[in-house]
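Data first, discussion second: the structure below is written as structure tokens.
Derivation of every value follows stated rules applied to the coordinates shown; laboratory data play no part. The model shown is predicted, which means the values in this text are computed figures rather than measured ones. Using ideal geometry, Cβ is built from the backbone for each residue, glycine included, and neighbour counts are taken over all protein chains shown.
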Amino acid sequence: MRFTKMHGIGNDYVYVNCFAEKMPADPAALSIKVADRHFGIGGDGLILICPSEKADARMRMFNADGSESEMCGNGLRCVAKYVYDHGIARKPRLQLETGRGVLTVDLEVKNDKVARVRVNMGEPILEPARIPTTFGGTQVVDAPLTVGGQTYAVTCVSMGNPHAVIYIPDAAAVPLEAVGPGLETAPVFPRRANIHFVQVHSPNEVTMRTWERGSGITLACGTGACGVCVAGVLTGRTGRKLLAHLPGGDLELEWSAADNNVYMTGPATEVFSGDWAD
Ligand SMILES: N[C@@H](CCC[C@H](N)C(=O)O)C(=O)O
């Protein structure tokens with residue numbers, strides 16, 4: 001199986017072009033194997049670039065534990081780059097099918113290759129049952145959640161996949177490895193959740209660190225950064241335009257007042273290709 005390793009600000013996945021390769025029989029099991037950083041290729045999971053009846057291509061994304069997620073923001077930018085650079089569809093605006101429907105992406109092309117991608121990530125989902133979370137009310141904004149004897153104020157947003165945002169004074173000081181698993185699997189999140197700790201610098205700039213559902217600590221989470229942009233508006237901490245610093249790099253976000261959609265802009269990088277013999 002031919003594969004390509006790509007990353008969006010350090011959020012790295014093994015990509016398989018299913019236009020050319022046979023669809024893996026068990027992508028969940030394959031994701032666990034290829035993501036292994038010692039015995040596999042190494043990555044935060046597996047992304048399949050598949051033919052679509054509704055769009056230029058379809059993304060399917062699997063975490064390092066084999067669970068399939070509805071969406072992946074950094075992954076979608078890389079899929080867009082692959083689709084353009086490898087000639088699947090040579091258009092500056094692509095339609096890509098994901099678990100949350102068909103999304104539009106705009107490409108910034110330099111020297112005939114995609115350098116940056118702007119994705120219309122769609123409308124955030126705020127109704128608790130649709131995130132999903134068992135918190136009551138119409139929105140979950142700074143709601144108290146006690147895990148491991150510690151109470152956090154969580155704001156919940158779905159961008160197709162579930163996110164919980166927690167504001168803290170110093171993002172670097174959070175013991176992510178220790179607190180991440182308990183928060184991800186808290187009973188209030190029936191399908192688990194991606195957890196983000198956010199430090200606000202100004203109304204348009206934050207630093208965030210992420211514990212991802214199914215993959216643990218990652219260098220970046222695109223859907224999470226969109227969730228942080230939305231949570232900042234809901235909690236009155238930040239404005240509709242945001243620069244987010246993540247461990248692997250920066251993302252530009254906007255929750256548009258005009259159309260209620262969230263826009264994410266950032267780079268996409270191809271690293272190497274190879275053959276997986278298993
Ligand atoms: N890193 C991704 C999100 C990947 C999926 C996530 N772990 C989940 O299970 O929802 C991103 O860039 O959005």
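Numbers below:
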{"quantity": "GNM flexibility winner over the chain from LEU103, LEU48, LEU183 (Cα, springs under 10 Å)", "calculated": "LEU103"}
{"quantity": "Selected from ASP112, ASP250, ASP56 as most flexible by GNM, with the chain as the system and alpha-carbon contacts under 10 Å", "calculated": "ASP112"}
{"quantity": "Whole-percent pair-distance distribution, where bins are 10 Å wide, for the alpha carbons of the chain", "calculated": "7, 32, 37, 19, 5, 0"}
{"quantity": "Nearby lysines by direct alpha-carbon distance to LYS54 (threshold 18 angstrom, same-chain neighbours under 8 apart not counted)", "calculated": "LYS91"}
{"quantity": "Unit charges on C-beta of K, R, D, E only; dipole of the range 27-160, Debye", "calculated": "480 debye"}
{"quantity": "Two-decimal log10 I(q)/I(0) for the range 188-235, as the Debye equation yields it once each C-alpha is a single scatterer, q = 0.26, 0.33 Å⁻¹", "calculated": "-1.02, -1.31"}
{"quantity": "Relative contact order computed over the range 128-260 (Cα-Cα under 8 Å; 6+ residues apart), in percent", "calculated": "20 percent"}
{"quantity": "For the range 128-260: span of alpha carbons on each principal axis (Å, largest first)", "calculated": "35, 32, 23"}
{"quantity": "For the chain, built as a Gaussian network whose Cα springs stay under 10 Å, the top-fluctuating residue of ASP12, ASP85, ASP44", "calculated": "ASP85"}
{"quantity": "Hydrodynamic radius (Kirkwood) for the range 216-278, which is based on Cα pairs only, to one decimal in Å", "calculated": "13.3 Å"}
{"quantity": "For PHE197, PHE272, order by how many other beta-carbon atoms lie within 10 Å, fewest first", "calculated": "PHE272, PHE197"}
{"quantity": "Cβ-based exposure ranking for TRP276, TRP211, in which fewest neighbours within 10 Å come first", "calculated": "TRP276, TRP211"}
{"quantity": "Lys, Arg +1 and Asp, Glu -1 on Cβ, resulting dipole of the chain about Cα centre, debye, nearest 20", "calculated": "380 debye"}
{"quantity": "Charge dipole magnitude, Cβ of K and R +1, D and E -1 - the range 189-267, Cα centre, debye nearest 20", "calculated": "320 debye"}
